[in-house]
1. Name the residue farthest towards the positive end of the dipole of the range 141-250 from the options LEU198, TYR246, TYR180, assuming +1 on Cβ of Lys and Arg, -1 on Cβ of Asp and Glu, about the Cα centre.
2. Out of the trypsin sites (Lys or Arg not before Pro) in the range 59-168, which ones are loop residues according to DSSP with at most 15 other C-beta atoms within 10 Å?
3. Taking a quarter of the surface of the Cα convex hull of the range 141-250, what do you get in nm²?
4. Which loop GluC sites (Glu not before Pro) in the range 167-248, with loop taken from DSSP, have no more than 16 other Cβ atoms within 10 angstrom of their Cβ?
5. Give me the distance between the Cα centres of the range 82-141 and the range 184-199, rounded to whole Å.
Amino acid sequence: MVFPKPNGSLHQIEKSIVETLRSSPRSSNPFLITERQGEKQLCIQSRSLRVTDFALLKTLGTGTFARVWLARLKDQKDKNKVYALKILRKADVIKLKQVEHVRNERKALAAVIDHPFITTLIASFSDDKSLYMLLDYCPGGEIFTYLRKQRRFSEETSRFYAAEITMTIEFLHDVHGIAYRDLKPENILLDADGHLKLVDFGFAKQVDNRETYTLCGTPEYLAPEVIQNSGHGLAVDWWALGILIYEFLIGQPPILGSKPYADL
């Protein structure tokens, strides 16, 4: 399998965009999505959308209480324009006690809507049974798929994606005080130009300089302080990045299993 080839000049442009975003003030405006859509001239208003407005083309992924569809607006002129529509069943979200995580995900995505390496939340809406998040579609698929087929990445490829992830984490931490808390290959997609997009912000939380005690994430990538429930902060993302870089170069995380730190 061949990677989408990253465009070097585009990378420099995106880097300058990130630097500009880092100097932007933090916003907690609940109407941020609508305002940003106006700036980008998107003709989608969250309050007016319904799931019946979309043609659901195929399933992109499934989870415990959510399914992601490749979708297209039925009445749009450009039939090639598609989106990723995440559908979360309200009953399952409540039953599995994921209300706070879903709320945190939407809040985090609304805050970082302009970042080039983070999936874009275009709109969100709901009905009696489900919650919906309309996201940009990444045709490159999961970086996990490429890693498993190639077994390991070259040092050059690993360095390139590690740099983009570093810029993304730094932006989340420094600009918004958000801990991502679920960094792993399955949550990194590739866009049409070969650049990464961080997705699935279900465990993301604004912590700033405080500590939080929620046990969440994927075992192989968890920092010791998360396992020990001793309180954790933004630093857990840097631990996970170290694990991820090791996996890029070697082909698997350094510690495997559902209890990777059983001796701690």
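Where a number appears in this text, it was derived from the coordinates with a stated rule and is not lab data. Everything numeric in this text was worked out from a predicted model, so none of it was measured. Quick reminder, even Gly has a Cβ in these numbers, built from the backbone with ideal geometry, and neighbours come from all protein chains shown.
1. My answer, from the dipole projection, is TYR246.
2. LYS74, LYS77, LYS79, LYS81, LYS97, LYS129, ARG151, ARG152
3. If you wrap the Cα atoms of the range 141-250 in a convex hull and average its projections, you get 6.6 nm².
4. Within the range 167-248, the qualifying GluC sites (Glu not before Pro) (loop, at most 16 other Cβ atoms within 10 Å) are GLU211.
5. The range 82-141 and the range 184-199 have Cα centres spaced 16 Å from each other.
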